[in-house]
Amino acid sequence: MSFDWINYLSLAEELSKTPNETPNKEATSRAAISRAYYAAFKKAEEFVVRRDGFVVQKPKPRGSRSQQDSNEEEQNLGSSHVRVIRQFTRQGSNQYRIKIGVTLRRIKHHRESADYDADYDGNIDEALNETLIKAKEIISKLKVAV
């Protein structure tokens with residue numbers, strides 16, 4: 001049985017309810033942002049695979065990647081995240097799909113900040129709330145998108 005990525009959204013919602021006085025509140029907020037984004041991203045990826053015949057190219061494990069592999073990925077393909085977003089925002093897409101791509105790009109920024117920036121740029125609670133709302137919005141729109 002394959003994993004249903006919507007479970008990441010459920011986990012993000014649980015993590016978001018961590019009381020503010022908890023010592024690891026920032027860590028749980030960061031994890032919630034990341035999981036909410038990945039729920040939306042993986043559902044969007046499934047959508048473009050099913051609807052558009054999009055081919056997911058699995059990255060090589062970090063230790064086995066050469067500099068040439070990294071350069072080719074950057075020049076030709078971009079990350080899988082960028083490629084999925086591009087699939088929604090490409091020329092000729094309807095406004096519904098473009099909105100999904102633009103929203104996904106926005107919460108991707110929150111996820112990258114949560115995962116990679118030691119000093120979070122902005123209000124993490126606002127970013128968490130926006131990411132949860134937008135992830136739910138994306139997933140709902142994917143159910144009726146063309």
Longest principal axis of the chain (C-alpha) makes with the long axis of helix 124-144 (C-alpha) an angle, in degrees to the nearest 10, of 40
Burial-style ranking of 126-135, 46-55, average other-beta-carbon count within 10 Å with highest first, yields 126-135, 46-55
Within the under-9-Å Cβ sphere about Ser113, not counting Ser113, Lys/Arg +1 and Asp/Glu -1 give a net charge of -2
Shape call for the chain, from the Cα gyration tensor axes a ≥ b ≥ c (a/c under 1.5 means rounded, otherwise prolate when a/b beats b/c, else oblate), comes out oblate
Calculated from DSSP helices alone, with each H run of at least 4 adding -39500 (n - 2.57) and the total divided by the residues of the chain, [θ]222 nm to the nearest 500 comes to -22500 deg cm²/dmol
Helix 80-89 sits off the longest principal axis of the Cα atoms of the chain, rounded to the nearest 10 on a 0 to 90 degree scale, by 70
For segment 7-45 the GluC sites (Glu not before Pro) that pass both the DSSP coil test and the at-most-12 other-Cβ-within-10 Å test are Glu21
Everything considered on the Cα gyration tensor (a ≥ b ≥ c; rounded for a/c under 1.5, else prolate if a/b is larger than b/c, else oblate), segment 77-146 must be described as oblate
Taking Cα atoms only, helix 25-52 is inclined relative to the longest principal axis of the chain by an angle, in degrees rounded to 10, of 20
Here the FRET efficiency for Glu112 versus Met1, based on Cβ atoms and R0 = 30 Å and rounded to 0.05, is 0.45
Out of His109, Tyr120, Thr18 - ranked by how far each Cα lies towards the positive end of the dipole of the chain, with unit charges on the beta-carbon of charged residues - the top one is His109
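Give me the dipole magnitude in Debye, nearest 20, for the chain about the Cα centre, with unit charges on the beta carbon: positive for Lys and Arg, negative for Asp and Glu. Mind showing how you got there, number by number?
Numbers: 25 positive and 21 negative charges, 166 e Å.
So the dipole magnitude of the chain works out to roughly 800 debye.
Values quoted throughout were computed directly from the atomic coordinates according to the rules given, and no laboratory measurement underlies them. If you're wondering where the values come from, they're calculated on a predicted model, not measured in any experiment. Cβ atoms come from the backbone with ideal geometry, glycine included; neighbour counts cover every protein chain shown.
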